[in-house]
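As structure tokens, the structure follows; a few thoughts come after it.
The values are calculated or read from the model by the stated rules, or taken from the named source; none is laboratory data. Everything quoted here is computed from the prediction, not taken from an experiment. Cβ: placed from backbone, ideal geometry, glycine included. Neighbour counts: every protein chain shown.
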Amino acid sequence: MRLPIFPTRHLKKLFSQPLEDLPREFQPFEKLVYLTPHLEIHVCEEYINFKHRGQHCSSMSGEDEPSSIGSTDSSKERILVHCDLDAFFAAVEILHHDLDPEKPLIIGSDPQGGRGRGIVSTCNYAARAFGIRSAMPVSEAWRRCPGHPFGPGHYIRGSRGLYSRASRQVMKILQEPAEHFEKASIDEAYLDVTEHVQGDWDAAFALCRTLQDLIEEKVGLTASFGIAPTRILAKMSSEVNKPKGIFRILPDEIADFFEGRSLREVPGIGPKRATQLAEWGFVTVDEAYVLGELALGRMAGERFAAWLMRVVDGNTSSEVSQLRSRKSIGKEQTFSTDQTDHEAVLEVLRSLTERVLKRSKEMGISGRLAEVKIRYTGFETHTHGRSIPVAMDEPDVFLRLADYLFATNVQHNRGLRLVGFRLGQLDMPPTRQSMLLLSEEE
Ligand code: TTP
Ligand code: MG
Ligand code: MG
């Protein structure tokens with residue numbers, strides 16, 4: 001399909017009139033217009049200028065819907081790896097403070113001698129032997145394994161900065177062999193390694209062993225790996241041989257894997273749903289599966305039944321994409337004393353914006369939404385956002401938007417406690433829209 005020329009004057013015209021008045025040849029841009037009712041023309045111009053200087057793209061296939069970019073073809077079998085670090089926070093603390101891993105260590109709120117009202121974040125495997133688990137009330141943990149001077153439990157509050165640093169080191173190692181990589185939480189990631197191992201499941205196993213050794217050698221932490229054709233299966237299999245385990249589910253082993261396996265182990269089945277199913281007499285996945293979609297649907301709901309069938313048939317998602325786990329990229333800074341010099345704050349905002357855009361570029365992500373966060377003395381917080389028509393990763397565009405959003409919204413004569421920048425409405429470039437813009441410029 002030949003696309004219309006899309007120079008700046010058309011752009012101006014295009015965005016200054018209602019959608020229904022658009023000439024026919026602009027129909028492909030409907031979405032663009034719809035997304036940006038309050039478009040800033042200069043941003044578009046800047047983008048076009050930038051693209052004139054940079055790359056060119058001459059065609060639009062029509063198949064690259066933004067939502068599918070970064071995904072994998074579901075008709076082709078994928079080899080996915082899920083990695084999850086073992087007792088992550090506890091392991092980092094043990095490493096950092098050179099603690100004895102054989103002694104029970106509990107990370108969480110202050111136990112206050114057993115009267116604490118908070119919860120346990122995590123604990124090492126020695127503490128798990130006492131029945132302590134993540135999210136358990138810390139008072140309950142204390143009852144099972146008291147701390148000094150009553151028992152062997154060592155309770156600490158934890159230090160977030162340490163965990164982020166260790167997580168970054170691990171993610172860097174994991175990212176290397178993956179065609180598609182997704183950090184799913186601070187201690188876990190999905191990798192699509194299909195091409196890297198050329199479809200060989202044994203090679204995938206060997207790769208996980210190598211990654212496991214690398215993480216231990218370079219970061220000092222142990223990790224568990226799951227290898228399987230879908231996300232859910234990969235996540236479940238990384239749990240099987242924890243800690244420091246590797247477990248693989250081949251495509252023709254899925255049914256065997258689910259035999260006798262508790263429904264509660266399937267990510268997505270919570271305690272409420274599991275209890276309800278147990279009341280009907282279904283505790284394991286295969287018990288529910290043999291009932292068939294229709295009969296199970298009558299009891300547990302059609303959507304749930306259809307989904308469970310797909311899980312067991314290995315037909316759930318195998319998409320690995322940063323965009324699945326991440327909705328935005330942001331950075332903010334709290335000032336040690338409230339700031340009245342707004343120029344100085346703007347400088348901080350610019351530096352945060354640059355850092356966000358650097359990060360997004362590293363991740364191969366672009367965004368359409370710029371959002372500035374301002375917190376005043378007394379904690380009153382406002383966010384001010386603006387969308388642009390196409391996802392971009394150009395720092396200059398976002399620096400200008402950050403300046404604009406700050407300058408037009410900040411309340412003068414007020415002290416500032418925090419400033420932040422966030423890039424939202426993320427996409428993997430080039431999007432279909434950016435291709436359109438790139439296609440035939442003057
Ligand atoms: P998990 O991977 O769920 O747990 P874990 O790494 O501690 O243990 P496992 O060996 O079973 O994987 O969570 C990762 C980190 O996230 C965990 O170390 C602490 C934190 N976390 C919380 O702060 N609160 C919670 O409720 C959970 C589940 C985790
Ligand atoms: Mg973990
Ligand atoms: Mg985890």
*Taking only pairs six or more apart or across chains, which ones have beta-carbon atoms under 7 Å, a first residue in region 78-92 that is among the basic types (Lys, Arg), and a second residue that is assigned to a loop (DSSP other than H, G, I, E, B)?*
Arg78/Thr72; Arg78/Thr194; Arg78/Pro229; Arg78/Ser318
*asked:* Among the residues in region 329-344, are any assigned to a helix (DSSP H, G or I) and within 15 Å of Leu405 (Cα to Cα)?
replied: yes
_Members of region 163-188 found to be within 16 Å of ligand 3 (Cβ to nearest atom) and among the acidic types (Asp, Glu), listed by number_ = Glu182, Asp187, Glu188
*Have a look at Ile79, Ile132 and point out the one that is surrounded by 15 or more Cβ atoms within 10 Å (Cβ to Cβ), within 16 Å of ligand 2 (Cβ to nearest atom), modelled with pLDDT of 50 or more and of a type in the set (A, V, I, L, M).*
Ile132
*Hey, Leu357 modelled with pLDDT of 95 or more and part of a helix (DSSP H, G or I) or not*: yes
_So Leu191 passes all but one of these: (1) surrounded by fewer than 22 Cβ atoms within 10 Å (Cβ to Cβ); (2) within 16 Å of ligand 3 (Cβ to nearest atom); (3) hydrophobic (A, V, I, L, M, F, W, C). Which condition number does it fail?_
(1)
*asked:* Looking only at residues that are within 17 Å of Ile186 (Cα to Cα) and of a type in the set (Ser, Thr, Tyr) in region 203-250, which one is farthest from ligand 3 (Cβ to nearest atom)?
replied: Thr222
*Quick one: in region 183-222, which of the residues that are more than 30 Å from Pro101 (Cα to Cα) and in contact with a helix residue (DSSP H, G or I) (Cβ under 8 Å, 6 or more places away or on another chain) is nearest to ligand 2 (Cβ to nearest atom)?*
Val193
*Can you tell me which residue among Leu296, Leu346, Leu308, Leu291 is assigned by TED's automatic domain parsing to the domain that holds Asp427 and not small (Gly, Ala, Ser)?*
Leu346
*Out of (1) surrounded by 15 or more Cβ atoms within 10 Å (Cβ to Cβ); (2) away from ligand 2 (no atom under 16 Å from the Cβ), what's the single condition that is false for Met171?*
(2)
*Inside region 389-421, can you point out the residues that are among the hydrophobic types (A, V, I, L, M, F, W, C), in contact (Cβ under 8 Å) with a residue 40 or more places away in the chain and either within 11 Å of Ala370 (Cβ to Cβ) or not assigned by TED's automatic domain parsing to the domain that holds Gln333 (or both)?*
Met392, Val397, Phe398, Leu399, Leu401, Ala402, Phe406, Phe421
*asked:* Of all residues being of a type in the set (Ser, Thr, Tyr) and in a loop (DSSP other than H, G, I, E, B) in region 149-207, which is modelled with the lowest pLDDT? Just the residue, please.
replied: Ser159
*Test Glu354 against the stated conditions and say whether it is touching a Pro at 6+ places or on another chain (Cβ under 9 Å) and acidic (Asp, Glu).*
yes
